[in-house]
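Q: Just passing along the structure, written as structure tokens.
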Amino acid sequence: MGNQARERIDTHRLMQTSDAPDHEVRIREARNAVDARKLEERVRWMRRAKVHVLAFLMAFVFTVGISVLGVLLWVRPESLISLVFVGIFSSLVFVAAFAAVRMLILHRIIDDYPNKEDDPGMQHHFVKSVAYGFVALVVAIVLAGLIINIASADIL
């Protein structure tokens, strides 16, 4: 009777030991840890990409509204300088809107730095958001030019 109990205990799944040597177990654990970090980094980059696309779209739509309103209210057909001022103002509005949305989502809503010692500070995030805003402005100008070019194409 005692032998049967010992056999059941030894055959239980929790009593099974790994047949792999210790160094193989450590290698497998290290490999799994590296894979987990890669997956976490991929998820983080995808989330940040979605935030940047959302910030771009919101700033683009807001700026289009501001620039149309500016053209309708202030630009006269004979005055080129007012058109230039509306363009500069619209560019500043785009950069400010992009930076504000990016700062709000990434650094207020989504806390990207759970360890506060790793956080470089709000001034760093602000400057980075404004720099990204200028890069997004270039993309927006190219996109607007492409849209205008497609809209004004002569269809046969």
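Q: If I ask for residues that are surrounded by fewer than 12 Cβ atoms within 10 Å (Cβ to Cβ) and not in a helix (DSSP H, G or I), which ones from region 63-80 would you list?
A: Scanning region 63-80 gives 76, 77, 78, 79.
Q: With the structure loaded, tell me whether residue 84 is within 18 Å of residue 58 (Cβ to Cβ) and not acidic (Asp, Glu) or whether it fails that test.
A: Values: within 18 Å of residue 58 (Cβ to Cβ): no; not acidic (Asp, Glu): yes.
Criteria not met by residue 84.
Q: In region 1-26, what residues are in contact with a helix residue (DSSP H, G or I) (Cβ under 9 Å, 6 or more places away or on another chain), modelled with pLDDT under 70 and in a helix (DSSP H, G or I)?
A: Hit for region 1-26 is 15, nothing else.
Q: Which of the residues belonging to region 110-137 are among the basic types (Lys, Arg) and more than 14 Å from the chain's Cα centre (by Cα)?
A: 116
Q: Can you tell me which residue within region 43-62, out of those that are loosely packed, with under 11 Cβ neighbours inside 10 Å and closer than 18 Å to residue 125 by Cβ, is farthest from the chain's Cα centre (by Cα)?
A: 45
The values are calculated or read from the model by the stated rules, or taken from the named source; none is laboratory data. It should be emphasised that the depicted structure is a prediction, and the values quoted were computed from it without experimental measurement. Cβ coordinates were reconstructed from backbone atoms using ideal geometry, including for glycine residues, and neighbour counts include every protein chain displayed.
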